[in-house]
Every structure is written in C-alpha cells, then in structure tokens.
Amino acid sequence: MDLASALHSVRTRLGRNVRATRIEAGLTQEELALRSGVAPALLVQLENGCGNPDFTMLAALAKAIGREAFELLDA
C-alpha cells in the first residue's frame, strides 16, 4: 500500500469513528463542534474522511465526546 492509500484509509476510518462516537454520545455535529472548539465545516470534512486533523484537534474531539483520542483511530 502506498502512502496516499494509507492516509486515505486512516482518514476514512477516523471520520467513520468520529461520526459513530458522536452519534453514540447523542451529539449533533454543531454540538460537537461547539464543545470541542473545532470549526463546524472542518468537522464535516473530518467525518467525510477529507480532514487532516492534528493531535490537538483529535484530543479536543475525543474529550468532547467522552473518549480517549486513540479510540477515534481504532478500527
């Protein structure tokens, strides 16, 4: 697997996990964006597998959802 394919896979999995945990927590995208300090448009991109978050953003999202950051990356 080349680097581009690997990154696409990680972004897709991350987006799917953020969306699933957000829904499980009973949060809308707007609520999660507000709680985490992440711009709503960026959260939409992230959930669609197009975002490129840094560790600070992952930690903020995880905290707002009530999870650990590594859980958002877990398959």
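The values are calculated or read from the model by the stated rules, or taken from the named source; none is laboratory data. What you see is a predicted model, and the numbers here were worked out from it, not measured in a lab. Glycine also receives a Cβ, built like all others from the backbone with ideal geometry; neighbour counts cover every protein chain displayed. The accessibility values were calculated without ligands, DNA or RNA, using every heavy atom of the protein model including side chains. Shrake-Rupley method; radii C 1.70, N 1.55, O 1.52, S 1.80 Å.
Which of (1) of a type in the set (Gly, Ala, Ser); (2) open to solvent by 40 Å² or more (accessible area, probe 1.4 Å); (3) at pLDDT 95 or above does Ala60 not meet, given it meets every other one?
Just one mismatch for Ala60, condition (2).
Would you check which residues across the range 1-22 are under 15 Å from Ser36 (Cβ atoms) and open to solvent by 60 Å² or more (accessible area, probe 1.4 Å) and list them?
Across the range 1-22, the qualifying residue is only Arg19.
I need the full set of residues from the range 25-57 which are open to solvent by 90 Å² or more (accessible area, probe 1.4 Å) and touching a residue at least 12 places away in the same chain (Cβ under 8 Å), in order please.
Within the range 25-57, Arg35, Asn48, Cys50, Asn52, Phe55 qualify.
Counting just the residues of the range 66-75 that are within 22 Å of Ser9 (Cα to Cα) and without any contact (Cβ under 8 Å) to a residue 60 or more places away in the chain, which one comes out surrounded by the most Cβ atoms within 10 Å (Cβ to Cβ)?
Looking at the filtered set, the residue picked out is Leu72.
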